[in-house]
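Before any comments, here is the structure.
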Amino acid sequence: MNESSEVRNVMVVVRKAPHGTIYVQEALEVMLIVAAYSMNISVVFLDDGVYALKKGQDTSELGSKPFMSAFRALVDWEIEHVYVDRDALKNRGINENELTEIGEDENTGEPVHPQVLSHKEIYKLMQEQHTILSF
Amino acid sequence: MGYLGSEDIVLLIEDGVYAAAAGTVKSGLIEKLLEQNEVYALQADIKARGLEQLIKKVKITDYEGFVDLIEQHTPQSWL
């Protein structure tokens, strides 16, 4: 197999909560950079990382950069493979319908939601990656 | 939590406010703490994280309340 001609599968893993540290901001930067190249990008939210996708975050009183809006437009950056760990949501009392949409379908205008998966399904996706970048 | 006296209060700030969320696997720990101690959480940090369902007895405070609590107690910051 000629690896150099193969499209790379790159996965960004988000495991930290969004505002106490800059890990999630950094993960977002990397997502947008990877998306700018011809690579198959997927993004997985695990552990406290699932908090990053929670609806209704308003950082106006913190005076920090309001980067959360970028998650609502991932599809515009052709980041469509966005996955969330089911157990991580459950452990944090978050319902699937409390997660932000990641953009709109180009053709139908319907909102696109992140896909909620089991550990096993996420493990399978990880097996398919050339590179996994964890934050 | 094991280091708290019965007179001590707890103020949750930054990522600490996630502990005030209701219905998580850890909510029971804070509920137990609330049997003896007062627990506050900072409004701006709750709002930033989009937390809506909070443990009922947790009190919400703003930055001014934060300052008042520091005035009234001997703060010990656990980063």
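Between A:Glu29 and B:Gln36, what is the label-point separation in nm under the 7 Å Cα-to-beta-carbon projection?
4.4
Peptide A:11-22: average number of partner chain Cβ atoms within 10 Å per residue?
2
Antiparallel DSSP bridges in segment A:3-134: what percent, to the nearest 5?
DSSP beta bridges in segment A:3-134 are roughly 15 percent antiparallel.
Taking chain A as the reference, fit the longest principal axis to its C-alpha atoms, fit the long axis of helix A:23-35 to the helix C-alpha atoms, and give the angle between the two in degrees, 0 to 90, nearest 10.
40
Which of B:Leu54, B:Ile9, B:Phe66 sits closest to the plus end of the dipole of chain B, meaning its Cα is farthest towards the positive end, when Lys and Arg get +1 and Asp and Glu get -1 on the C-beta?
Projecting each Cα onto the dipole axis, the largest value belongs to B:Leu54.
Could you rank the peptides A:42-53, B:62-73, A:124-135 by their average count of other C-beta atoms within 10 Å per residue, with the highest value first?
A:42-53, A:124-135, B:62-73
Which shape class, rounded, prolate or oblate, goes with segment B:9-72 when its Cα gyration tensor gives a ≥ b ≥ c as root eigenvalues, a/c under 1.5 marks rounded, and past that a/b bigger than b/c marks prolate?
Oblate is the answer for segment B:9-72, as a/c is 1.5 or above yet b/c matches or exceeds a/b.
Taking the alpha-carbon centroid of each part, what is the distance from segment A:5-57 to segment A:59-77 in angstrom?
13
Excluding residues on the same chain fewer than 8 positions from A:Lys120, give the aspartates and glutamates whose Cα lies under 18 Å from its Cα.
Here the aspartates and glutamates satisfying the reach criterion relative to A:Lys120 are A:Asp47, A:Asp85, A:Asp87, A:Glu128.
Which of rounded, prolate, oblate describes segment A:3-134, given a ≥ b ≥ c as roots of the alpha-carbon gyration tensor eigenvalues and a/c under 1.5 marking rounded, otherwise prolate only if a/b is larger than b/c?
rounded
Write down the percent of antiparallel bridges among all DSSP beta bridges whose residues are both part of segment B:9-72, to the nearest 5.
Around 10 percent antiparallel, to the nearest 5.
Determine the shielding of peptide B:48-56 by partner chains: average, over its residues, the number of Cβ atoms on other chains within 10 angstrom of each Cβ.
That works out to 6 on average.
At 7 Å along Cα-to-Cβ for each site, give me the label-to-label distance between A:Glu78 and A:Leu125 in nm.
1.9
Using a 10 Å cut-off around each Cβ of peptide B:22-28, what is the average number of partner chain Cβ atoms that fall inside?
Counting other chains' Cβ atoms within 10 Å and averaging over B:22-28 gives 3.
Leaving out same-chain residues fewer than 8 places away, which lysines sit with a Cα under 19 Å from that of B:Lys47?
Cross-link targets: A:Lys16, A:Lys54, A:Lys55, A:Lys65, B:Lys56, B:Lys57, B:Lys59.
Would you please give the residues with an amide H less than 5 Å from that of B:Leu12, counting only those at least 5 places away or on a separate chain, with H modeled from the backbone geometry?
B:Tyr40, B:Ala41, B:Leu42
Given a Förster radius of 25 Å and the C-beta distance between A:Thr108 and A:Asn40 as r, what FRET efficiency does 1/(1 + (r/R0)^6) yield to the nearest 0.05?
With R0 = 25 Å, the Cβ-Cβ based efficiency is 0.65.
Every read-out reported here was derived from the displayed coordinates using simple, explicitly stated rules and does not represent laboratory data. Everything quoted here is computed from the prediction, not taken from an experiment. Cβ: placed from backbone, ideal geometry, glycine included. Neighbour counts: every protein chain shown.
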